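Let me begin by presenting the structure, written as structure tokens, before commenting on it.
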Amino acid sequence: MGRFWVECCCSLPVAAGRPSVHNIIQATDCSLVTYAPETSPRVTAEPPPTDAESTLPLLLQTLPDLAVHTSVLPRRGRQHLDLLLLAIEAMDLGGSEAVLWVGQELGLNEILQHRVQLWQIRNTNPLRRYNQRRPLSLAEAKALVLVICNLAQRLSVSIRQNLLAVQQQTDKGQPLDDHFALGFYLERFRSHFRARMNPRRAAVVVYQKPEVLNRLAVDLLQQLLLCSGTLGAKRLWTSLFDGEI
Amino acid sequence: MQFQRIYRQPNCTLVVEGLADPAASLIDTNTLSIVTHSECQILGLDPVLSGGRDFLVDLIKVVGAYSQGVISGIPRPAMQVRSPHLDLHPGEGDRHQLVCQPETTPLTQSGSSSSESGQPLRWDLSTVQLFDLMEAIDQLLADPQTLPDLQFAWTPVHRRQVPAQEPLVQRAVAPTLGATLLAIAAAGFMAMPVPQVKPPRIEDRPTTTTTPAGTSLNLITDAEVVQRLQSQTQQKLAQTWKSRPSFDTAQVYRVTIDEQGQIIGYRREEPLGGQNYEAELPLKMLLQPNAARTAKQALDLRVVFLPQGTTEVKLWTP
């Protein structure tokens, strides 16, 4: 695999009210995924400050504090974040590396320091085999939200293609796995899910059948698409507290 | 000064036309604060939705709330995804149905529906189309130069507004079973006989006691008299016993007193065997053998002489 320059329409989460920016990144890995080209004209603004220490609190402050009675993320939210990351990994072969790389780009090094810490954070999902009995702090959750939305923006072309394939296969009445790219995503998602989730959990037993797991994978694709917008991070963050307050 | 803002997405175009606020126009001349006309066109779907500020606010509220429901998987309450003219709810399969009720007054939207007025218009949106519509709205919300006072309410769904995941029938099984068992248990207890309440009997205690002389005397049963004699004996022993005890285990004596409180007999009960420390105790000194002949009633007390030099006086129980 070689290096190549891609032009990415990357909307960094800046302060509320400031539109997206146009950035050029260098991909170190050539994956099966093409990054999002310029699809729509956006209002330009000045680039965000590059100093990591000054952006860290600013980025996290763009997400409002909704749960005043608790300092940790509720159970359902931890599960949701891990599943969204699982869907991203199923779509992009370099997804797990990309999480750390994007975290570094956004200046979230202090929260997402290395792979082990990321693994511990992700394993706060109660459905995991090696569930870490530790809470997920709001700062860690916010960092994950920002990374997920950033990656969703970069993968928006793939997500759209997959959702279009779902629609086409459904309209024709054909199984989803028959489509090449969509079948690849679904198969990877199923294998990741079965390898990482605790099969003795009642919530995991529900997903024993491949059709049910495919349904979950498609739902996550839709959610990722809706999180890839201008206010995607705020929308995802608010949705984590639905039914918890 | 009139403005037009266009937010274009692959499947949706949102157009807002308006004016700047005259009061603020001296400071900021580029902000659209008053909406004169707004249009929303979804590619491939006719007709174009249009209206004024109210239409725009309803569209933002309904689409924003519905999108939140799709992201979290928890549907929003009906009042949040419904307005007088717009309604967004899940359709068949992965579709989302947008229903628009056009206004029936002659001042309807310009260039709007070709159908008869009053008939609701329905569109089945795919998720991609919904995203493009939502993204156009989000770009409007994020634009500081268009309607800066317009904000989306970032409030999660309250716990009580979330519909229960288990069906009502399944949830009602446990309390129904509990109530049934309670009724059965209550019926069973009702069938049991009511217990008879009997007054306490004092006859359990022996009614007579034997003096050292061998005569049998009636025991004093009056509780007030017993209490008085008990405390009288305690006081007498405390005043009389001044010497330091040399024993290290409690000495228990059964002491018989008459109705005047005089000691007419005693016998050591504990410890059985061992050295007899009777000489140190005041019982011999207080003994009135003559009173045993004239006594009509007697009382047995349990007197405990403790190594600390104190005494305990209680009613004797066999």
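Residue check: A:Pro199 meets all listed conditions (1) under 23 Å from B:Val128 (Cβ atoms); (2) not in a helix (DSSP H, G or I) but one, namely (1).
Taking (1) more than 14 Å from chain A (Cβ to nearest Cβ); (2) crowded, with 19+ Cβ neighbours inside 10 Å; (3) among the aliphatic types (A, V, I, L, M) in turn, B:Val99 satisfies each apart from (2). Does B:Asp58 qualify as being modelled with pLDDT under 95 and closer than 27 Å to A:Ser156 by Cα? So B:Asp58 fails the test.
Set side by side, the residues B:Arg302, B:Arg293 differ, and just one is surrounded by fewer than 19 Cβ atoms within 10 Å (Cβ to Cβ) and at pLDDT below 85, which is B:Arg293. Reported count of residues in the stretch A:205-245, each being farther than 20 Å from B:Ser72 by Cβ and β-branched (Val, Ile, Thr), is 1.
Restricting B:Ala298, B:Ala238, B:Ala292 to those that are out of contact with any Pro (no Cβ under 8 Å at 6 or more places or on another chain) and assigned to a helix (DSSP H, G or I) reduces the list to B:Ala238. One residue stands out in the stretch A:166-188 among those that are within 14 Å of chain B (Cβ to nearest Cβ) and closer than 12 Å to A:Asn214 by Cα: the one that is surrounded by the fewest Cβ atoms within 10 Å (Cβ to Cβ), namely A:Leu176.
One residue stands out among those in the stretch A:229-245 that are in a helix (DSSP H, G or I) and more than 7 Å from chain B (Cβ to nearest Cβ): the one that is surrounded by the fewest Cβ atoms within 10 Å (Cβ to Cβ), which is A:Ala233.
In summary, A:Gln208 fulfils each of the numbered conditions (1) more than 10 Å from every other protein chain (Cβ to nearest Cβ); (2) in contact with a Leu (Cβ under 9 Å, 6 or more places away or on another chain); (3) not in a helix (DSSP H, G or I) with the single exception of condition (2).
Against the list (1) more than 21 Å from B:Leu217 (Cβ to Cβ); (2) surrounded by fewer than 19 Cβ atoms within 10 Å (Cβ to Cβ); (3) aliphatic (A, V, I, L, M), the condition B:Leu287 fails is (1). Within the stretch A:173-192, is there a residue that is farther than 18 Å from A:Gly95 by Cα and polar (S, T, N, Q)? Yes, because at least one residue in the stretch A:173-192 is farther than 18 Å from A:Gly95 by Cα and polar (S, T, N, Q). Among the residues of the stretch A:213-228, write down those that are within 14 Å of chain B (Cβ to nearest Cβ) and either without any contact (Cβ under 8 Å) to a residue 40 or more places away in the chain or among the polar types (S, T, N, Q) (or both). Once the filter is applied, which keeps residues that are within 14 Å of chain B (Cβ to nearest Cβ) and either without any contact (Cβ under 8 Å) to a residue 40 or more places away in the chain or among the polar types (S, T, N, Q) (or both), the stretch A:213-228 yields A:Asn214, A:Arg215, A:Asp219, A:Gln222, A:Gln223, A:Leu226, A:Ser228.
Filtered by the rule that a residue be free of Cβ contacts under 8 Å to residues at least 60 places away in the same chain, closer than 27 Å to B:Gln2 by Cβ and part of a loop (DSSP other than H, G, I, E, B), the stretch B:36-82 gives a lone residue, B:Gly52. The condition of being part of a loop (DSSP other than H, G, I, E, B) and more than 9 Å from chain A (Cβ to nearest Cβ) holds for B:Gln151. Residues that are surrounded by 14 or more Cβ atoms within 10 Å (Cβ to Cβ) and more than 16 Å from B:Thr317 (Cβ to Cβ) within the stretch B:258-277 comprise B:Asp258, B:Glu259, B:Gly261, B:Gln262, B:Ile263, B:Ile264, B:Gly265, B:Tyr266, B:Arg268, B:Tyr277, listed in sequence order. Of the residues making up the stretch A:142-165, those that are surrounded by 22 or more Cβ atoms within 10 Å (Cβ to Cβ) and hydrophobic (A, V, I, L, M, F, W, C) are A:Ala143, A:Leu144, A:Val145, A:Leu146, A:Val147, A:Ile148, A:Cys149, A:Leu151, A:Ala152, A:Leu155, A:Ile159.
Taken together, the residues in the stretch A:131-182 that are in contact (Cβ under 8 Å) with a residue 60 or more places away in the chain, assigned to a helix (DSSP H, G or I) and hydroxyl-bearing (Ser, Thr, Tyr) amount to 2. When we screen B:Gln97, B:Gln129 for residues that are modelled with pLDDT of 85 or more, of a type in the set (S, T, N, Q) and not in a helix (DSSP H, G or I), the only hit is B:Gln97. Residue count for the stretch A:68-89 satisfying the condition of being crowded, with 23+ Cβ neighbours inside 10 Å and assigned to a strand (DSSP E or B): 0. Number of residues in the stretch B:71-85 that are surrounded by fewer than 20 Cβ atoms within 10 Å (Cβ to Cβ) and either away from chain A (no Cβ under 12 Å) or over 24 Å from B:Arg160 (Cα atoms) (or both) equals 6.
The values are calculated or read from the model by the stated rules, or taken from the named source; none is laboratory data. Computed from a prediction, not measured in an experiment: that's the story for all the values here. Here the Cβ is made from the backbone with ideal geometry for all residues, glycine too, and neighbour counts use every protein chain on show.
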